[in-house]
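Here the structure is laid out as structure tokens; the discussion comes afterwards.
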Amino acid sequence: MKIFRNKTKKFLSPTAELFDSMIGEGMVIHGRIVVNKSIRIDGVVHGDVEIPEGKKNITVAVGSTGKVFGDIKSFRVLIGGVVEGNVYATERVELHGVANVKGDITYADIGIEPGAEIVGLLIKRVTGKKSEIADAGKLIQKIQNFKK
């Protein structure tokens, strides 16, 4: 009788992303990249990768052979390689099993597979109304004053 089953469980199912641009495995880029459509990075980028202010539905994906030495600012960020810099995602960050991030990650939603490595802070993006945030700040002050 088998009590334990050896199941392989896929935590983050593959997304149906379409990438308009790709930086191939043998390519090395030095400098800032501004993308207007989704991009997949399988090569090396020395510089920031970002989208224009206010753009939505743009994904920056770093493949398992990809390396980014700079910040990534996008609507959605998928990481399966190495990032040495901060990650800012308006919507979602996904860290796949072989991801290695050295920097802070700011996100609204996050998915982390076992095996992913992070050296930095995870910062949840506040999406509430400004009045709710102010009310929360007042509540924290009241609690701190009560403890005194």
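Listed by Cβ neighbour count within 10 Å, with the fewest neighbours leading, 123, 23 appear as 123, 23. Among the listed pairs 102/142; 37/67; 56/102; 55/142, a Cα-Cα separation exceeding 29 Å is found for 102/142; 55/142.
Consider a paramagnetic label point 7 Å from the Cα of residue 124 along Cα→Cβ; state which residues of segment 74-96 have an amide N under 20 Å from it. The answer is 76-77, 87-95, whose backbone nitrogens lie closer than 20 Å to the label point.
In this Cβ point-charge picture (+1 for Lys and Arg, -1 for Asp and Glu), segment 14-123 has a dipole of about 200 debye about its Cα centre.
Shown here: segment 21-147, whose C-alpha atoms stretch 60, 32, 22 Å along the first, second and third principal axes, sorted largest to smallest. Of the residues 27, 22, the one with the fewest other Cβ atoms within 10 Å heads the list, and the complete ranking is 27, 22. Here segment 89-129 is described by how far its Cα atoms reach on the three principal axes: 36, 16, 12 Å, from widest to narrowest. Peptides 92-102, 72-82, 45-55 ranked from most to least packed give 72-82, 92-102, 45-55, packing being the mean of other C-beta atoms within 10 angstrom over each peptide's residues.
Throughout, read-outs are computed from the coordinates displayed, never taken from laboratory work. From a predicted model like this one, the values you see are computed outputs, not experimental measurements. Reconstructed Cβ throughout: ideal geometry from the backbone, glycine too, with neighbour counts over all protein chains shown.
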